[in-house]
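Q: One structure follows; several queries about it will come next.
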Amino acid sequence: MAARPGFVRRFFGGLWSVLNFTRQLIFNVLFFAIVAVLLVAWFASDGPAALRSDTALVIDLQGDIVEEYTIGPREAAVAEAFGEQRFETRVRDVLAALDAAAKDPQITRAVMVLDEMGGAGIATLREIGAALERFKASGKPVYAWGQNYGQGQYYLASHANELYLHPAGALGVRGLEGTRGYYKTLLDKLGVKVNAFQAGRYKSFSEPFTRTSATPEAKEADALLLNGLWSTWTGDVERVRKLQPGTVDAVIGDLPQRLAAAEGDIARLAQNEKLVDGLMTRSQFRERLLQTGAPRSDEDSETFRQISLYSYVRRVPQLLNGDAVGVIVAQGEITGGDAQQGRIGARTMVQLIERARQDDSIKAVVLRIDSPGGLVQASEVIREQLELTRKAGKPVVASMGDVAASGGYWIAMGADEVVADPATITGSIGVFGLLPTFEGTMEKIGVNVDGVATTWLAGATDLRRPIDKRLAQSLELVVNSNYREFIGLVAQRRNSTPEKINEVAQGRVWTGAQAKERGLVDTLGGIDVAIKSAARRANLGDSYRLDYVEPEPRGINRYLSLFFGRIAAAVRSGLGLDGLLGRDVGAVKRDLELLMGARENPLAPISYCFCSFR
């Protein structure tokens, strides 16, 4: 007998109700689980367990070493709560942990294991290296071990009292290079014409879009810069390793012969040349630490008593009251409007500077710069706010990190004093404008463009047509005007003349040491030097605290986007796409993004430095 229609409807209706209820239950459980983890990450405040005596501080740096997270610190904590590995480390956390551990009687040694460490600029490496030396000066030894050492990893490891490498490991010390892709031939084939306007003989940013190779001027400037940086790197390593000056270059120069003497064994070569103290497996390294007197973590443990840097930094006491030096981090490209951490948005930066200026407890400001520059107008807006802060009676000191070039140098001109590390990449006082047009592309694909406009300027930025000569002339005038403004500003702030500044400007990039010789910076040193100078200028003596002035979190949506972004990252990693989208492909993507971004407002000049050296 056939089933009745009403029964069929009731059956499938009931089945759907069960499925719908199950679906809602699963999503509700998942939602509340996420909320619970967020609340735990946000509100957890249980104090850490007491630190046992004779503990080793394990410096297990993870990811790139940055001035500030590209996501907020609470978001990073949420990522950890979901089991995500840290992918960035703040340099200030490393410095705070090492300086606190040097005075902590419970910490008796430090151990560096840097296999998960990512990239870091030479100035950042020098900041951490100086902190390691301060730790050693307190009478506490530092040990280092690695399966392999990249160039940045080895720089830090070289500061150890004892430095070990895995017997099957390698030492990736190779030198520095600065290469770019040149796209003119490709752009010609695509019918794209890049109209470039620049002020400064050495302002080479636009060259990859208008040439097939670097100009002699660009190579000359880059060679002087890279050789200066490399000299600083090798000099530091040879000093702390007690090697003869020139040892590193000699090993690289004679690599085939020296490698042959080590029978092709890279690890043995490193030991032969005294670049490392010995070759050990991880278990042998642990045994070595136990032999030096490090106690076992417990009676039956095979390893030593230890605490990770990330756990220890939470123990570093934070003063919440009293007079403060406010620290504002300016990291990344300079843009207009708002920007998340890792980029410098003019509106966001203005808000931070205003907060510091209006906070009565903040008596001085340190602007920590790690930026290759960006929009000229945005840079000037930021500088003006620093100028207002100085006029309000609060000293401002600029502290330059890895890079403070072009717009990054422009904003430093709002400070009373400019402090740079000898390895800071700085200067690049120049301005340019780019406008790609696609008339050739339109011709290739058979598209004609026609129409009317009320003025010549209304249609002049239609990129499907050749650039109007009047627009080209206007862009040239704007770029040159901004360059004159730039060198005039620097001349005024550096107590010089536009003519003298023009001689060392021209878009040329210098190391911090070279910039000091040319009067572009006041003092050589790290952020500690800048902070002490700011405190001294504000008459704070030795009793003051640091107050990092940072953007406020913006609600739960960013946490949820972070969570699903982590899932996407895991999928991408599982598919092996990170290898396909590597550093070199990323460089091409960045260049093309900057080129296409320049078309959004062709009358907005850019002060940007290509400062990516590796």
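Q: Can you figure out the FRET efficiency of E499 with I445, using R₀ = 51 Å and their beta-carbon distance, to the nearest 0.05?
A: Taking R0 as 51 Å, the efficiency between E499 and I445 is 0.55.
Q: Between S138 and E550, what length comes free when the chain is fully extended (0.36 nm per residue of separation minus the Cα-Cα distance, one decimal in nm)?
A: Result for the pair: 145.1 nm of gain on full extension.
Q: Listed highest first by mean packing, meaning other Cβ atoms within 10 Å per residue, what order do 347-359, 185-197, 364-376 come in?
A: 364-376, 347-359, 185-197
Q: Among the listed pairs K103/K140; K140/K532; K391/K500; K203/K469; K103/K242, give every one whose C-alpha distance is greater than 18 Å.
A: Pairs exceeding 18 Å: K140/K532; K391/K500; K203/K469; K103/K242.
Q: Sticking with this one: Treating cross-link reach as a plain straight distance, find the aspartates and glutamates whose alpha-carbon is under 12 Å from the alpha-carbon of K274, omitting any fewer than eight places away in the same chain.
A: Cross-link targets: E162, E238.
Q: Would you please classify the overall shape of the range 294-433 from the alpha carbon gyration tensor, given that a ≥ b ≥ c denote the square roots of the eigenvalues, rounded means a/c under 1.5, and beyond that prolate means a/b larger than b/c while oblate covers the rest?
A: Prolate shape, in that a/c is at least 1.5 and a/b is the bigger ratio.
Q: Rounded if a/c is under 1.5, else prolate if a/b is larger than b/c, else oblate: which is the range 223-323, with a ≥ b ≥ c the root eigenvalues of its Cα gyration tensor?
A: Numbers: a/c = 3.55, a/b = 1.35, b/c = 2.63.
Judged from the Cα gyration tensor, the range 223-323 comes out oblate (a/c at least 1.5, b/c at or above a/b).
Q: Between the range 363-394 and the range 246-289, what is the C-alpha centre distance in whole Å?
A: For the range 363-394 versus the range 246-289, the Cα centre distance is 47 Å.
Q: Put a dot 7 Å past each Cα toward the Cβ at E299 and Q351; how far apart are the dots in nm?
A: 5.7 nm
Q: While we're here: Which trypsin sites (Lys or Arg not before Pro) in the range 240-270 sit in a loop by DSSP (not H, G, I, E or B) and have at most 10 other Cβ atoms within 10 Å of their own Cβ?
A: Counting only loop positions with at most 10 other Cβ atoms within 10 Å, the trypsin sites (Lys or Arg not before Pro) in the range 240-270 are K242.
Q: Ranked highest first by the average count of other Cβ atoms within 10 Å around their residues, in what order do 435-444, 482-491 fall?
A: Ranked by mean Cβ neighbours within 10 Å, highest first: 482-491, 435-444.
Q: Can you give the relative contact order of the range 438-517 as a percent, counting alpha carbon pairs under 8 Å and 6+ residues apart? Mind dumping the intermediate values first?
A: On the way: 31 pairs, mean separation 14.6, N = 80.
Averaging sequence separation for qualifying contacts and normalising by length gives 18 percent for the range 438-517.
Q: So which aspartates and glutamates pass the test for K193, namely a Cα distance under 20 Å, with those fewer than 8 places away in the same chain ruled out?
A: Leaving aside aspartates and glutamates fewer than 8 places away in the same chain, those within reach of K193 are E207, E439, E443, D450, D462, D468, E476, D591, E593, E600.
Every number in this text was worked out from the coordinates using simple rules, so none of it is lab data. Worth saying up front: this structure is predicted, and the values here are computed from it rather than measured. Glycine also receives a Cβ, built like all others from the backbone with ideal geometry; neighbour counts cover every protein chain displayed.
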